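Quick note: the coordinates plus some simple rules give every number you see, no bench work behind them. In this text the structure is predicted, and so the values were computed from the model without any measurement. Reconstructed Cβ throughout: ideal geometry from the backbone, glycine too, with neighbour counts over all protein chains shown.
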Amino acid sequence: MPLRIAFLASEVAVAQTARATLIGRYGDAPCDNADVIVALGGDGFMLRTLHATQHLSVPVYGMNRGTIGFLMNDYGESDLPERLAAAEEEVINPLAMRAMDRAGKLHEALAINEVSLLRAGPQAAKLRITVDGRLRLAELVCDGALLATPAGSTAYNYSAHGPILPIGADVLALTAIAAFRPRRWRGALLPKTARVRFDAVEADKRPVMADADSISIDDIDWVEIRSEPDIRHRILFDPGHGLEERLIAEQFN
């Protein structure tokens, strides 16, 4: 029986052209009746595809029609069924964020890469950090802080000088962004099961926003974050080019 493939593409012309070409060659199945979903675009589109299809438990194979493409495979039009059959699967769990804004509204979102807190005004943010109900840092004065998954550790986390985490590591990276006080605080590695809470201190004059994979909440009071083991994102990579290899190779660039 032929492999049932659903093709999704970002809005950019090169991705839409690729989708039309591949559909003409391999057909196009509905996502809820597909054996595999092929996402055409960049990493941002891959994240949106994973979020949109997480209820289907269908593996997603990305092909790069964007810019960076860390989560994507090389684009190619020939032998696609054979590439899909040989692909290696990685399973990642997202972060679940609950954020209360200062108006008393609760927001919830999922993040595959990271949840970040960022100053939203001219003054540095002032954050209080609690882990599993225990106060760990009474005051972090900074431009922001983030909690990253292993899959997201090479994204914003890495740019903020956080550590790259092996994909199989059961840890999360807590990283400060431009920390002012404590000046030498470089963050922490936390177990994947940890529940992390950030409280915005003096939020009236030091407003803070929260962001979970580009879902933003303004003027937050507090944010709680935990890994969500019940959601499993299945991502396919060409042999020898999986996330484990990419995470290692990134450290030697």
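Data for the structure
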| quantity | calculated |
| --- | --- |
| Within the stretch 117-144, backbone nitrogen closer than 15 Å to the virtual label 7 Å beyond the Cα of VAL201 toward Cβ | 124-131, 135-144 |
| Backbone HN-Hα couplings from phi across the stretch 83-97 [Karplus 6.51/-1.76/1.60, Hz, Gly and Pro as x] | 5, 5, 5, 8, 5, 9, 9, 10, 10, 10, 10, x, 8, 9, 10 |
| Loop-located trypsin sites (Lys or Arg not before Pro) in the stretch 108-212 whose Cβ has at most 16 other Cβ within 10 Å (DSSP) | ARG183, ARG184, ARG186, LYS192, ARG195, LYS205 |
| Amide proton proximity set for GLY187, modelled H, under 5 Å, gap of 5+ | ALA176 |
| Cβ-based charge dipole, the stretch 1-149, positive-most Cα from LEU47, LEU110, ALA125 | ALA125 |
| Nearby aspartates and glutamates by direct alpha-carbon distance to LYS192 (threshold 12 angstrom, same-chain neighbours under 8 apart not counted) | ASP132, ASP170, GLU228 |
| Kirkwood Rh (inverse of mean 1/r, distinct Cα pairs), the chain, angstrom | 19.1 |
| Net charge dipole size for the chain [Lys, Arg +1 and Asp, Glu -1 on Cβ; Debye, nearest 20] | 1020 |
| Cα gyration tensor shape of the stretch 1-135, rounded if a/c is under 1.5, else prolate or oblate by comparing a/b with b/c | prolate |
| Computed magnitude of the charge dipole of the stretch 156-253 (debye, nearest 20; Cβ of K, R +1, Cβ of D, E -1) | 500 |
| Within the chain, longest stretch clear of exposed GluC sites (Glu not before Pro) (DSSP loop, no more than 14 other Cβ within 10 Å) | 78-201 |
| Tensor-based shape of the stretch 167-224 (alpha-carbon gyration tensor, a/c under 1.5 rounded, otherwise prolate or oblate) | oblate |
| For the stretch 213-230, Karplus couplings with θ = phi - 60° (6.51, -1.76, 1.60), whole Hz, Gly/Pro x | 6, 6, 9, 10, 10, 8, 6, 7, 9, 8, 9, 10, 9, 8, 6, 10, x, 7 |
| Debye log10 I(q)/I(0) at q = 0.11, 0.20, 0.22 Å⁻¹ for the stretch 98-237, Cα point scatterers | -0.36, -1.23, -1.49 |
| Distance between the stretch 32-106 and the stretch 121-162 - C-alpha centres, whole angstrom | 25 |
| Distance in nm between pseudo-label sites at GLU244 and TRP185 (7 Å out along the Cβ direction from Cα) | 3.5 |
| Set of lysines near LYS126 by C-alpha distance (under 19 Å), chain-local residues within fewer than 8 positions excluded | LYS205 |
| Prolate/oblate/rounded call for the stretch 1-74, Cα gyration tensor, a/c under 1.5 rounded | oblate |
